[in-house]
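Below: one structure, written as structure tokens.
The values are calculated or read from the model by the stated rules, or taken from the named source; none is laboratory data. The model shown is predicted, which means the values in this text are computed figures rather than measured ones. For neighbour counting, all protein chains shown are included, and Cβ atoms are generated from backbone atoms with ideal geometry for every residue, glycine included.
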Amino acid sequence: MRKTILSLVVISVITPVVFIACSDSAASEKKSIAMTNAEKIQRGAYLVNSMGCDDCHSPKKVTATGFEIIPELRLSGFNPGIASLKPAMDAVNQGWVLFGTDFTTAVGPWGQSFAANLTSDGTGIGNWKEEQFIKAIRQGKYKGLDNTRPILPPMPWSVYKNLNDDDLRSIFAFLKSTKPVKNVVPAPKPFNKL
């Protein structure tokens, strides 16, 4: 009997704490943090640098020690003058996904995709509105526009959609602050055109 009463007391004390803790964390995630544009840019730079955006969106050269981002082309996406890929269709037909030399293009069952230009140039996201960027990441819509194609692999938008609004706004502010690089990225190729 004592064990039952003790268990009920413990449950009655712990249960409200758990519910309060859960509801507080959910509510705090919805609150926006007041940041200046400079603070957003700084936060966005941190997020872009830590989330691996350069892995696919920055052209690279291969050196003796591995890949090195080409600084003047940072975040400008696939550049046909630097990287190209004639896919080994036998490997793709056997279930492989292939990446180009500098990881700015990929081939898989969806076809061939090319990493987008994320710089502030008009050929990148220079003409985008913040709402478009958030929609692109949250819904996987090309250029964040309704009635457009989905964003293709390997872009992990389905993971990045979990970022909070402040983080997405910060990333957008940082990208809009980047040096513009004129680079028109080719349209994806469907699998049957490879």
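What are the residues in region 68-95 that are at pLDDT 90 or above, more than 22 Å from Lys141 (Cα to Cα) and touching a strand residue (DSSP E or B) at 6+ places or on another chain (Cβ under 8 Å), if any?
Those that are at pLDDT 90 or above, more than 22 Å from Lys141 (Cα to Cα) and touching a strand residue (DSSP E or B) at 6+ places or on another chain (Cβ under 8 Å): Glu68, Ile69, Ile70.
Within region 138-164, which residues are in a loop (DSSP other than H, G, I, E, B), out of contact with any strand residue (DSSP E or B) (no Cβ under 6 Å at 6 or more places or on another chain) and among the β-branched types (Val, Ile, Thr)?
Residue satisfying the conditions is Ile151 alone.
Condition check: assigned to a helix (DSSP H, G or I), of a type in the set (S, T, N, Q) and either out of contact with any Lys or Arg (no Cβ under 7 Å at 6 or more places or on another chain) or under 22 Å from Pro186 (Cα atoms) (or both). Does Gln132 satisfy that?
In short, yes.
Please give the number of the condition Glu131 fails out of (1) surrounded by fewer than 18 Cβ atoms within 10 Å (Cβ to Cβ); (2) at positive phi.
(2)
Would you confirm whether or not region 152-171 contains a residue that is closer than 21 Å to Lys60 by Cβ and of a type in the set (D, E, K, R)?
no
Counting only residues that are in contact (Cβ under 8 Å) with a residue 12 or more places away in the chain and aliphatic (A, V, I, L, M), give me the strands (runs of 3 or more DSSP E) lying completely in region 53-119 with at least 2 of them.
105-108
Just the residues that are aromatic (Phe, Trp, Tyr) and surrounded by 17 or more Cβ atoms within 10 Å (Cβ to Cβ), please, taken from region 151-187.
Hits for region 151-187 are Tyr160, Phe172, Phe174.
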